[in-house]
Amino acid sequence: MPEPLPITPNASLRRLRAGELALGFGVHHLRGAAVPLLARASGYDWLFIDTEHGAFSVQEATQICIAALPLGVTPVVRICAGALDEGTRALDNGAQGIVVPHVDTPAQARLVAEAFRFPPAGRRSWGGPPFAYGFRAPAADIAQAEINAEVLVVAMIETAEAVANADAIAAVPGIDVLLFGTSDLTADMGIPGQIGHARVQAAYQSVAEICRRHGKVLGMGGVYDEVVARAYLALGARFVLAGNDHQFVLAAATARAGLLRGLA
């Protein structure tokens with residue numbers, strides 16, 4: 001019998017554990033094996049494969065995940081709130097991380113943390129091909145412990161309730177990142193789109209301190225203004241969603257069109 005293969009490391013999780021910045025490339029419209037190649041070529045560390053708002057099938061999302069594994073670009077899938085089974089299917093089929101939106105309470109955080117790790121750390125079921133090992137995994141007890149250590153579990157902070165409960169959410173073992181969904185947070189606060197508002201700044205400051213106290217990572221999503229982004233990065237945000245595919249295409253295509261029309 002061939003020897004087992006080593007586990008594919010979660011490069012972004014290791015960057016975060018070292019205190020380094022991990023930049024995410026949002027995937028909403030793109031499909032296919034070229035996606036992680038594009039992300040790597042443009043300097044990104046992880047993919048944010050958005051099955052909450054993107055029209056992905058499981059097949060499409062996981063094929064992108066599988067293509068990313070040998071490239072060192074971490075495939076992370078955002079599922080729909082409450083659809084934890086979607087997350088376990090993604091992990092069984094190539095994903096290395098799961099983002100769960102609208103985690104407002106510590107009870108929800110515990111369900112999230114337990115869903116995506118094998119016993120005794122959680123209640124994830126063992127099944128599906130071991131993509132993390134290129135199909136040649138070691139014994140189940142070894143594989144489950146190693147996979148548990150390489151899975152990135154992200155809870156999104158998107159409401160005032162979540163901010164108020166952030167200390168208890170961060171205290172839950174197995175939650176690695178508290179990721180602000182800044183756009184939804186502003187809507188919940190009644191100040192839609194005001195990502196630099198004093199109340200949003202206060203929320204970031206509070207959760208940043210909580211993350212430091214509990215040894216968790218602060219995440220930033222929905223912030224594309226340079227001045228505001230600089231302020232939240234200064235607070236310690238390290239798991240950062242830089243933008244998504246349609247924003248990148250629109251920005252580059254618009255700039256190019258403007259240049260050529262100007263030349264003409």
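The values are calculated or read from the model by the stated rules, or taken from the named source; none is laboratory data. All values reported here derive from a predicted model rather than from experimental measurement. Positions of Cβ are generated from backbone atoms using ideal geometry, with glycine treated the same way; all protein chains shown enter the neighbour counts.
Structure values in brief
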item: Some residue of region 37-46 being in a loop (DSSP other than H, G, I, E, B), at pLDDT 95 or above and under 13 Å from Gly97 (Cβ atoms); result: yes
item: Qualifying residues in region 83-112 (those that are over 16 Å from the mean Cα position of the chain (by Cα) and within 15 Å of Glu158 (Cα to Cα)) - the one surrounded by the most Cβ atoms within 10 Å (Cβ to Cβ); result: Asp104
item: Condition check for Val200: without any contact (Cβ under 8 Å) to a residue 24 or more places away in the chain, assigned to a helix (DSSP H, G or I) and surrounded by 15 or more Cβ atoms within 10 Å (Cβ to Cβ); result: yes
item: Inter-residue pairs, beta-carbon under 6 Å, first touching a residue at least 40 places away in the same chain (Cβ under 8 Å) and closer than 16 Å to Gly222 by Cβ and in region 159-170, second among the small types (Gly, Ala, Ser) and assigned to a helix (DSSP H, G or I), 6+ apart; result: Val163/Ala203
item: Tabulated pairs, region 117-139, first over 11 Å from Asp92 (Cβ atoms), second hydrophobic (A, V, I, L, M, F, W, C), C-beta under 6 angstrom, 6+ apart or interchain; result: Tyr133/Leu5; Tyr133/Ile7; Gly134/Leu5; Arg136/Leu5; Ala137/Ala143
item: Some residue of region 52-74 being surrounded by fewer than 16 Cβ atoms within 10 Å (Cβ to Cβ), modelled with pLDDT under 95 and not in a helix (DSSP H, G or I); result: yes
item: Among the residues listed as Ile7, Ile49, the single one being crowded, with 20+ Cβ neighbours inside 10 Å, aliphatic (A, V, I, L, M) and in contact with a Pro (Cβ under 9 Å, 6 or more places away or on another chain); result: Ile49
item: Residue in region 129-153 that is farthest from the chain's Cα centre (by Cα), counting only those that are loosely packed, with under 13 Cβ neighbours inside 10 Å and not in a helix (DSSP H, G or I); result: Ala139
